[in-house]
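Asks: Handing you a structure now.
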């Protein structure tokens, strides 16, 4: 019980950090939630957590280096989710195959590489690198398999150098991930 109270206090503190900011918080932390998921995540040192800039793209939270912006930064990171109730995305393997197929429709020469898993507090993320998309980007996707949803944390860079330089920050972002609950009620 004591551990639960301490964890709840940490979560409330993280949530308060995001809520007091104007959408952008240097090295901020927050809770991302949707119909069947809520998880905590924290920006790595030197990165901004922004819970507004990606909304038009359906992204609940994005990250970019301090002094940059979501639109112009060479390298960005973001969180996305996929419900396991969607046909063809009911397992981690199905979703990863779906992602590769979607990328290859737009970029037949796409290269997909298996990267080492990244460990977070209570999970291990499966990581894939995508190179050669239609925009020439370099991306890493950390797939996190939860009970009702799959969480995707993404690093996207316009150059290989930007990707390589930011990969350690991506590992820290993934390492900060902590799933909270599948039981979310959203009141409109």
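No value in this document is a laboratory result; all are computed from the given coordinates. Keep in mind that this is a model prediction, so the values were computed, not measured. FYI the Cβ positions are ideal-geometry reconstructions off the backbone, even for glycines, and counts take in every protein chain you see.
Asks: Just order 23-29, 111-117, 67-73 by mean Cβ neighbour count inside 10 Å, highest at the front, would you?
Replies: Per-residue mean Cβ counts within 10 Å order the peptides as 23-29, 67-73, 111-117.
Asks: Given N residues in the chain, what is Rg(Cα) / (2.2 N^0.38 Å)?
Replies: 1.01
Asks: At 0.36 nm per residue, minus the direct Cα-Cα distance, what do residue 164 and residue 122 gain on full extension? Give it in nm, one decimal, please.
Replies: Once the chain is fully extended between residue 164 and residue 122, it gains 12.5 nm.
Asks: Kindly put 135, 37 in sequence by how many other C-beta atoms sit within 10 Å of each C-beta, fewest to most.
Replies: 135, 37
Asks: Using a simple spin-label model with points 7 Å from Cα along the Cα→Cβ vector, what separation in nm is obtained for residue 187 and residue 71?
Replies: My value for the distance between the label points is 3.6 nm.
Asks: To the nearest 500 deg cm²/dmol, what mean residue ellipticity at 222 nm is calculated for the chain from DSSP H runs of n ≥ 4 alone, each contributing -39,500 (n - 2.57), summed and divided by the residues?
Replies: Calculated mean residue ellipticity at 222 nm is -9000 deg cm²/dmol.
Asks: Between residue 104 and residue 172, what is 0.36 nm times their sequence separation minus the Cα-Cα distance? Round to one decimal in nm.
Replies: 21.6 nm
Asks: Less than 17 Å from a label point 7 Å out along the Cα-to-Cβ axis of residue 180: which backbone N atoms in the range 39-57 qualify, by residue?
Replies: Counting only backbone N, you get 39-43, 49-52.
Asks: Okay, moving on. How many angstrom separate the Cα center of the range 102-151 from the Cα center of the range 45-99?
Replies: The range 102-151 and the range 45-99 have Cα centres spaced 11 Å from each other.
Asks: Ranking 156, 182, 176 by Cβ neighbours within 10 Å, fewest first, what do you get?
Replies: 182, 176, 156
Asks: Which of these, 177, 98, 167, has the largest mean-square fluctuation under a Gaussian network model of the chain (Cα springs below 10 Å)?
Replies: Maximum among the listed residues: 98.
Asks: While we're on this one: Pop the C-beta distance of residue 45 and residue 148 into the FRET formula with R0 = 30 Å and round what comes out to the nearest 0.05.
Replies: 0.40
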